[in-house]
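For reference, the structure discussed in these notes is given below.
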Amino acid sequence: MKRTILIHPDPRLKKVCTPVTDLSDDLRQLADDMLETMYDAPGIGLAAPQIGVLERLIVLDCIKEEGETPRPMVMFNPQVVASSEETNVYEEGCLSIPEQFAEVTRPKLVDVEWIDRDGNPQSETFDGLWATCVQHEIDHLNGKLFIDYLKPLKRQMITRKMQKLKRERARA
């Protein structure tokens, strides 16, 4: 089932999420709903707080090339356990901040640990776009948005645009 994506500013997007302690069928269904919502948007990542659920769950799939096999990933309680000194700059966007993009500098490589949908511990080293995406989504779980990396003036400008967008959508 497709879910509604919250638009910034929304207080739920600034909250630190609770760790998942018990992997229930409801949470697995939530992960499936999030993947459906993310693909439909379309996006490459989605965090539970973006649909109003304050639990540590993210989904991502950075395969964008047509004809390539999708690689949907579901991560409960993901955490970066190591990151490279070397950085990458990507122009980031966010489904909760539609049509706004800005360059963000993050570690190029990150080692991430998480629990998969079957409750098994997983770990992987991510590089490039995957590294950027997983860090962006984990930030959501900590109440941080990509615009928080920007200078105050640019951040305020984007926030005002989002407030205007929300007013326009409410009127429609």
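The values are calculated or read from the model by the stated rules, or taken from the named source; none is laboratory data. Just so we're clear, the structure is a prediction, and the values are computed from it rather than from any experiment. So basically every Cβ, Gly included, is an ideal-geometry build from the backbone, and we count neighbours across all protein chains shown. We work out accessible area using only protein heavy atoms, side chains counted, and drop any ligands, DNA or RNA first. Shrake-Rupley method; radii C 1.70, N 1.55, O 1.52, S 1.80 Å.
Enter the per residue convex hull volume of the range 1-59, computed from alpha-carbon coordinates, in Å³ rounded to the nearest integer.
Convex hull volume per residue, Cα atoms: 70 Å³.
Build a GNM of the chain with springs between Cα atoms under 10 Å: which of 56, 28, 71 gets the top mean-square fluctuation?
71
On the protein heavy atoms, probe 1.4 angstrom, tell me the percent of accessible surface of the range 1-155 carried by carbon and sulfur. Kindly include the intermediate steps, with their values, before the conclusion.
Details: 3760 of 7870 Å².
Roughly 48 percent, rounded to a whole number.
Once R0 is set to 30 Å, what does the formula 1/(1 + (r/R0)^6) return for the Cβ-Cβ distance between residue 122 and residue 85, expressed as a FRET efficiency to the nearest 0.05?
Taking R0 as 30 Å, the efficiency between residue 122 and residue 85 is 0.75.
Please report the spacing between the Cα centers of the range 143-172 and the range 22-56 in Å, no decimals.
Answer, in whole Å: 22.
Where a ≥ b ≥ c are the square roots of the eigenvalues of the C-alpha gyration tensor, would you call the range 1-130 rounded, which needs a/c under 1.5, or, failing that, prolate if a/b is larger than b/c, or oblate?
Since a/c stays below 1.5, the shape of the range 1-130 is classed as rounded.
Using a 10 angstrom cutoff on alpha carbons, build the Gaussian network for the chain and name the most mobile of 97, 63, 147.
Top of the fluctuation ranking is 63.
I want to verify a result. In a Gaussian network model of the chain, Cα cutoff 10 Å, which of these has the top mean-square fluctuation: 153, 35, 46?
For the chain, modelled as a Gaussian network with Cα springs under 10 Å, the answer is 153.
Counting Lys +1, Arg +1, Asp -1, Glu -1, what net charge surrounds residue 87 among other residues with beta carbon under 14 Å of its beta carbon?
Computed value for this residue: -3.
Could you work out [θ]222 nm for the chain from helices alone, using -39500 (n - 2.57) per DSSP H run of at least four and dividing by all its residues? Round to the nearest 500 deg cm²/dmol.
-9500 deg cm²/dmol
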